[in-house]
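Undergrad: Here it is: the structure, laid out below.
The values are calculated or read from the model by the stated rules, or taken from the named source; none is laboratory data. Every value quoted in this text rests on a predicted model; they were computed, and no experiment measured them. Using ideal geometry, Cβ is built from the backbone for each residue, glycine included, and neighbour counts are taken over all protein chains shown.
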Amino acid sequence: MKRRVFRRLVTVEEASRRLMEAFKPKPLGVERVPLEKALGRVLAGDVFSPLNVPPFDRAAMDGYAVKAEDTFGAGEGNPVRLTLTGRVEAGEAPKTAVGKREAVEVATGAPLPPGADAVIPIEYTSLEGGIVKAYRAVHPGENVASAGSDLTVGEHSLRGGSLLTPREIGVLAALGIAEASCYVKPKVYVASTGRELEEPGSPLTYGKIYDVNSYSLMAAIAEAGCRPVSLGIIPDDAEKLEEKILEGVKKGDMLLISGGTSAGAGDLLYRVAESLGEILFHGVAIRPGKPTLAAKVEGKPVLGLPGYPTSALMVFHKLFSPILRAMAGLPPEAFESMVEAKTGEKMFSAQGRRDFTPVHLVEAEGGLLAFQVEGGSGAITSLADADGFLEIPENQTILDAGEPVKVRLFSIKLMIPHLVVAGSPCLGLEALLKLLKRKKPWINFKTVATLPMGELSALKRGLADLASLHLYDLEEKQYNIPFIKRYGLEGKTALYRGYLRKVGFLLPKGNPKGFRGIEDLLRPDITFVNLSRKFGVRNLLDMQLEKLAGEKGLKPEELALKIKGYSWEARSPQAVVSIILHGKADVGLGAEAVAGLHGLGFIPLAVENCDFAVRLDRVEKPAVKAFLEILSSEELKEALKKVRGLQPTPQTGERVC
């Protein structure tokens with residue numbers, strides 16, 4: 001099959017125009033929905049009150065219904081005496097009227113008896129032998145909710161197109177409306193293409209990945225007011241793809257497919273869609289997302305999204321969500337999905353294409369800061385780290401730090417984090433954050449996974465409020481403090497003592513090759529997987545290897561050549577675990593806590609200091625103060641002792657630099 005190139009890229013505006021002209025999206029009809037099922041539905045028309053609310057004059061508080069003029073002149077030393085003639089509870093009709101110098105006891109919400117025009121609160125009265133003493137005067141209408149004071153018959157109560165929240169549903173119930181007239185939810189079929197995909201929950205064989213897009217897109221579709229239906233995973237087969245496209249357009253109102261849109265020989269969507277209907281566009285001048293496709297098949301939209309998860313979500317929100325929302329009866333864009341921020345650092349873009357830049361947001365003094373998420377549109381970490389995205393116009397290549405921008409959130413329900421912590425994954429940090437969530441459930445926090453040194457960069461740039469550090473300096477033979485100075489963070493950050501962590505050699509369960517320690521790295525039958533020199537444990541290993549080389553009369557680099565795998569550097573300790581579990585190496589570097597988590601063997605090499613550096617301009621943030629409070633707590637110390645290979649210190653929680 002020949003490759004097909006993108007002959008002409010359309011602009012974002014042109015793509016949107018073609019979509020709107022081709023489908024003229026509007027609501028598909030109206031249905032009646034019981035109130036208990038109406039949450040999140042869209043009201044199809046205006047609602048006018050069929051009755052007065054309240055429908056009668058009623059007491060606004062517990063007390064006595066009276067004629068206001070009978071209380072005039074009452075005071076603490078000169079109470080007015082009224083004869084008690086009855087009582088009215090909420091929900092019952094009055095059995096007696098209020099006459100001159102009389103009172104009827106009323107409960108909150110009870111109908112006001114005839115003849116009464118005010119309620120005197122019970123706390124300003126006393127009752128003695130059927131006589132009510134009133135110690136203050138009330139004016140006509142005081143403490144009375146008059147008929148129609150909330151809503152009158154025929155008054156405009158709710159507007160068509162409103163999203164039904166608990167508030168609107170409460171109003172409908174107050175009007176006596178049991179079923180709301182709502183727009184029919186459009187049915188949107190969703191599929192992912194690719195022979196490499198597996199359904200979440202199924203075993204993952206080598207070379208396969210789980211389908212992300214179907215599930216993230218179905219959630220976004222539901223948030224756009226539509227009903228998503230999964231078509232599952234479609235293999236790279238033209239006949240099966242055609243079958244699924246026809247099923248989607250026959251059963252649903254729209255079909256959304258991710259993957260299979262680029263110009264590769266194995267990407268079939270545009271070929272099959274073209275054979276079944278009309279291609280509206282294939283290729284948009286955006287980055288990422290250039291291969292985005294739209295077609296019209298049997299009068300229905302067939303929309304093709306890129307396969308990369310973050311790219312797919314950004315294109316969906318920009319191009320396709322407005323169509324779905326119009327079909328659901330909603331405005332093209334949710335007001336709640338846009339927030340204002342300033343760029344936290346300089347951002348770059350390629351000229352000639354609209355750049356959709358995923359960003360993560362940080363609360364700072366003066367408002368939100370937006371930082372570009374690293375990792376690319378295909379990385380799951382970029383999907384996890386990004387709160388939303390901003391657009392850089394085609395004719396602009398640079399956004400300077402501090403420029404005002406609008407960020408489109410990936411969800412209207414997304415909570416911007418109160419606290420951002422940078423650092424590599426660690427069970428000690430997880431124990432701390434778990435305790436923080438239990439003690440301070442109001443705090444929404446985010447962890448940004450970084451490689452060593454990356455956490456210092458995140459801290460310096462302002463991307464994080466604080467960072468976990470476990471960096472060893474070979475020259476000063478000290479943890480963390482030298483790096484604070486070296487990165488120009490002295491006077492800008494405070495360093496707080498964390499905990500101790502045992503690091504060393506990770507081994508397959510049972511240690512099948514009988515690895516005993518550092519000298520065994522020289523054995524020809526041992527395959528070693530190393531870590532980057534950015535990791536403290538790697539520096540500790542090199543220090544001991546240098547000593548071993550001296551004992552053997554070798555240069556360090558000569559000794560390194562004798563270690564099978566010394567130059568094989570895994571990206572992270574988690575990658576080391578995966579390599580060992582898959583049998584590709586016999587020994588690697590990592591923490592004892594990780595070994596315990598994955599059932600691996602462990603031989604200690606050293607003990608690391610894991611500390612926390614906090615930006616001084618963020619130290620007064622409530623979430624940061626709460627973090628430091630947990631760090632110094634006895635509960636954390638007890639929690640750390642329960643994790644294999646971790647231990648608190650007498651200084652845990654104290655500022656050390």
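Undergrad: For the range 61-100, which residues satisfy the criterion of being among the charged types (D, E, K, R), surrounded by 14 or more Cβ atoms within 10 Å (Cβ to Cβ) and either over 13 Å from Val138 (Cα atoms) or not assigned by TED's automatic domain parsing to the domain that holds Ser126 (or both)?
TA: Across the range 61-100, the qualifying residues are Asp62, Arg87.
Undergrad: If we scan the range 552-559, do we find a residue that is touching an Asp or Glu at 6+ places or on another chain (Cβ under 6 Å) and either among the β-branched types (Val, Ile, Thr) or surrounded by 14 or more Cβ atoms within 10 Å (Cβ to Cβ) (or both)? Steps first, answer last, please.
TA: At the first step, the residues of the range 552-559 found to be touching an Asp or Glu at 6+ places or on another chain (Cβ under 6 Å) are 556.
In the following step, the residues that additionally are either among the β-branched types (Val, Ile, Thr) or surrounded by 14 or more Cβ atoms within 10 Å (Cβ to Cβ) (or both) were identified as 556.
Yes, there is a match, as at least one residue in the range 552-559 is touching an Asp or Glu at 6+ places or on another chain (Cβ under 6 Å) and either among the β-branched types (Val, Ile, Thr) or surrounded by 14 or more Cβ atoms within 10 Å (Cβ to Cβ) (or both).
Undergrad: Under the condition of being outside any loop (DSSP other than H, G, I, E, B) and without any contact (Cβ under 8 Å) to a residue 12 or more places away in the chain, which residue from the range 630-653 is surrounded by the fewest Cβ atoms within 10 Å (Cβ to Cβ)? Outline the logic, then answer.
TA: Just the residues of the range 630-653 that are outside any loop (DSSP other than H, G, I, E, B), to begin with: 630-631, 634-641, 646-648.
Adding the requirement that they be without any contact (Cβ under 8 Å) to a residue 12 or more places away in the chain leaves 634, 638, 641.
Details: Glu634: 10, Glu638: 12, Lys641: 12.
If we take residues in the range 630-653 being outside any loop (DSSP other than H, G, I, E, B) and without any contact (Cβ under 8 Å) to a residue 12 or more places away in the chain, then Glu634 is surrounded by the fewest Cβ atoms within 10 Å (Cβ to Cβ).
Undergrad: Being outside any helix (DSSP H, G or I), crowded, with 20+ Cβ neighbours inside 10 Å and under 31 Å from the mean Cα position of the chain (by Cα) narrows it down to one of Ala595, Ala623, Ala585, Ala613, so name that one.
TA: Numbers: Ala595 fails: outside any helix (DSSP H, G or I); Ala623 fails: outside any helix (DSSP H, G or I); Ala585 fails: under 31 Å from the mean Cα position of the chain (by Cα).
Being outside any helix (DSSP H, G or I), crowded, with 20+ Cβ neighbours inside 10 Å and under 31 Å from the mean Cα position of the chain (by Cα) holds for just one of Ala595, Ala623, Ala585, Ala613, which is Ala613.
Undergrad: Let me ask something else. Go through the residues of the range 180-201 one by one and say whether even a single one is over 25 Å from Gly283 (Cβ atoms), crowded, with 19+ Cβ neighbours inside 10 Å and of a type in the set (Lys, Arg).
TA: Yes, the range 180-201 contains at least one residue that is over 25 Å from Gly283 (Cβ atoms), crowded, with 19+ Cβ neighbours inside 10 Å and of a type in the set (Lys, Arg).
Undergrad: Could I ask something else about it? I need the full set of residues from the range 388-431 which are out of contact with any Lys or Arg (no Cβ under 6 Å at 6 or more places or on another chain), among the small types (Gly, Ala, Ser) and assigned to a strand (DSSP E or B), in order please.
TA: Hits for the range 388-431 are Ala422, Gly423.
Undergrad: Considering the range 518-545 alone, what residues qualify as being over 21 Å from Glu569 (Cβ atoms) and not in a helix (DSSP H, G or I)?
TA: Our first condition is that a residue be over 21 Å from Glu569 (Cβ atoms); within the range 518-545, this holds for 519, 525.
Correct list: Asp525 only.
Undergrad: Scan the range 67-83 for residues that are under 12 Å from Gly99 (Cβ atoms) and not polar (S, T, N, Q) and report the count. Give the derivation first.
TA: Looking only at the range 67-83, we keep the residues that are under 12 Å from Gly99 (Cβ atoms), and these are 67, 70, 82-83.
After this cut, where a residue has to be not polar (S, T, N, Q) as well, the list is 67, 70, 82.
So the answer is 3.
Undergrad: Hey, any hits in the range 150-164 for a residue that's modelled with pLDDT of 95 or more and under 30 Å from Tyr215 (Cα atoms)?
TA: yes
Undergrad: Scan the range 500-544 for residues that are in contact with a Pro (Cβ under 6 Å, 6 or more places away or on another chain), farther than 17 Å from Ala595 by Cβ and surrounded by 20 or more Cβ atoms within 10 Å (Cβ to Cβ) and report the count.
TA: As a first pass, look at the range 500-544 and keep what is in contact with a Pro (Cβ under 6 Å, 6 or more places away or on another chain): 502, 504, 534-535.
Imposing the further condition that a residue be farther than 17 Å from Ala595 by Cβ reduces the set to 534.
Adding the requirement that they be surrounded by 20 or more Cβ atoms within 10 Å (Cβ to Cβ) leaves none.
Total satisfying the criteria: 0.
Undergrad: Kindly indicate the residue of the range 298-333 that is surrounded by fewer than 21 Cβ atoms within 10 Å (Cβ to Cβ) and touching a helix residue (DSSP H, G or I) at 6+ places or on another chain (Cβ under 6 Å) and also nearest to Ile209 (Cα to Cα) among those meeting that condition.
TA: Among those that are surrounded by fewer than 21 Cβ atoms within 10 Å (Cβ to Cβ) and touching a helix residue (DSSP H, G or I) at 6+ places or on another chain (Cβ under 6 Å), it is Lys300.
Undergrad: If you go through the range 334-363 one residue at a time, how many are of a type in the set (A, V, I, L, M, F, W, C) and either surrounded by fewer than 20 Cβ atoms within 10 Å (Cβ to Cβ) or at positive phi (or both)? So that I can check it myself, show each step before the final result.
TA: Applying the first criterion (of a type in the set (A, V, I, L, M, F, W, C)) to the range 334-363 yields 334-335, 338-339, 341, 347-348, 350, 356, 359, 361-362.
Add one more test, that the residue is either surrounded by fewer than 20 Cβ atoms within 10 Å (Cβ to Cβ) or at positive phi (or both), and what stays is 334-335, 338-339, 348, 350.
Adding up the residues that qualify gives 6.
Undergrad: Please work out if Ala145 is more than 30 Å from Asp253 (Cα to Cα), crowded, with 19+ Cβ neighbours inside 10 Å and either at pLDDT below 95 or small (Gly, Ala, Ser) (or both).
TA: Working: more than 30 Å from Asp253 (Cα to Cα): yes; crowded, with 19+ Cβ neighbours inside 10 Å: yes; either at pLDDT below 95 or small (Gly, Ala, Ser) (or both): yes.
It is true that Ala145 is more than 30 Å from Asp253 (Cα to Cα), crowded, with 19+ Cβ neighbours inside 10 Å and either at pLDDT below 95 or small (Gly, Ala, Ser) (or both).
Undergrad: Something else: Of the residues Arg4, Arg58, Arg41, only one is surrounded by 15 or more Cβ atoms within 10 Å (Cβ to Cβ), at pLDDT 95 or above and farther than 30 Å from Ala137 by Cα; which?
TA: Values: Arg4 fails: at pLDDT 95 or above; Arg58 fails: farther than 30 Å from Ala137 by Cα.
Just one listed residue meets the conditions, Arg41.
Undergrad: Kindly indicate whether any position in the range 198-209 is over 21 Å from Leu28 (Cα atoms), of a type in the set (Val, Ile, Thr), in a loop (DSSP other than H, G, I, E, B) and touching a Pro at 6+ places or on another chain (Cβ under 7 Å).
TA: No: the range 198-209 contains no residue that is over 21 Å from Leu28 (Cα atoms), of a type in the set (Val, Ile, Thr), in a loop (DSSP other than H, G, I, E, B) and touching a Pro at 6+ places or on another chain (Cβ under 7 Å).
Undergrad: If you scan the range 7-48, which residues turn out to be under 30 Å from Pro291 (Cα atoms), among the acidic types (Asp, Glu) and in contact (Cβ under 8 Å) with a residue 40 or more places away in the chain?
TA: Restricting attention to the range 7-48, the residues satisfying the condition of being under 30 Å from Pro291 (Cα atoms) are 7-28.
Of the ones still in play, those that are also among the acidic types (Asp, Glu) are 13-14, 21.
Selection gives Glu14 alone.
Undergrad: Quick check on my filter: what residues within the range 281-290 are under 13 Å from Arg8 (Cβ atoms) and not aliphatic (A, V, I, L, M)?
TA: We begin by selecting, within the range 281-290, every residue under 13 Å from Arg8 (Cβ atoms); these are 281-285, 290.
Within the range 281-290, Phe281, His282, Gly283, Lys290 qualify.
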